[in-house]
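To start, the structure itself, in structure tokens.
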Amino acid sequence: MSVGSSILKLAMKDPQMENYIIITTEYYWHWDMKSTGLNVWEYRKIMEKMMGKGGLKPMSTDDPEIISHPANCLLVRIGKNVPKSSVKTFDSLRFMGRNDYWL
């Protein structure tokens with residue numbers, strides 16, 4: 001019924017949303033694959049598509065929980081009015097060198 005997508009689209013129509021960096025973290029262990037019958041990659045595709053309706057897009061990070069499984073992801077929407085300095089700070093927080101041991 002696309003309820004989630006509709007809610008995201010409506011929320012993002014608020015002009016105030018252009019002042020924010022909006023993030024969501026998606027972890028495969030929270031997904032209801034059992035009752036949906038979807039595998040992890042099918043479910044992730046649905047999550048990306050739904051969040052994409054709100055303008056959120058995948059961004060890379062070195063966050064330990066996100067990189068602990070390749071299906072996990074960080075989805076982000078950066079509003080048009082967010083200062084470049086805030087985007088730069090956000091980018092530095094996405095990569096803090098926390099996981100050199102994963103490389």
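Summary table below
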read-out: Top-ranked residue in segment 16-72 [being small (Gly, Ala, Ser) and surrounded by 13 or more Cβ atoms within 10 Å (Cβ to Cβ); ranked as farthest from Val3 (Cα to Cα)]; value: Ser68
read-out: Candidate set from segment 14-67 (those that are outside any helix (DSSP H, G or I) and among the acidic types (Asp, Glu)); member that is farthest from Gly79 (Cα to Cα); value: Asp32
read-out: Matching residues in segment 7-28 - criterion: being in contact (Cβ under 8 Å) with a residue 12 or more places away in the chain and not β-branched (Val, Ile, Thr); value: Leu8, Lys9, Ala11, Met12, Met17, Glu18, Asn19, Tyr20, Glu26, Tyr27, Tyr28
read-out: Within segment 1-47, tally of residues that are farther than 30 Å from Ser86 by Cα and of a type in the set (A, V, I, L, M); value: 5
read-out: Only listed residue being of a type outside the set (Phe, Trp, Tyr) and touching a strand residue (DSSP E or B) at 6+ places or on another chain (Cβ under 7 Å), chosen from Gly97, Gly55; value: Gly55
read-out: Tabulated pairs, segment 66-90, first without any contact (Cβ under 8 Å) to a residue 40 or more places away in the chain, second surrounded by fewer than 18 Cβ atoms within 10 Å (Cβ to Cβ) and part of a loop (DSSP other than H, G, I, E, B), C-beta under 7 angstrom, 6+ apart or interchain; value: Ile67/Asn99
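Values quoted throughout were computed directly from the atomic coordinates according to the rules given, and no laboratory measurement underlies them. A quick note: this is a predicted structure, and the numbers were derived from the prediction, not measured. Because the Cβ atoms are built from the backbone with ideal geometry, glycine has one as well, and the counts that use them run over all protein chains shown.
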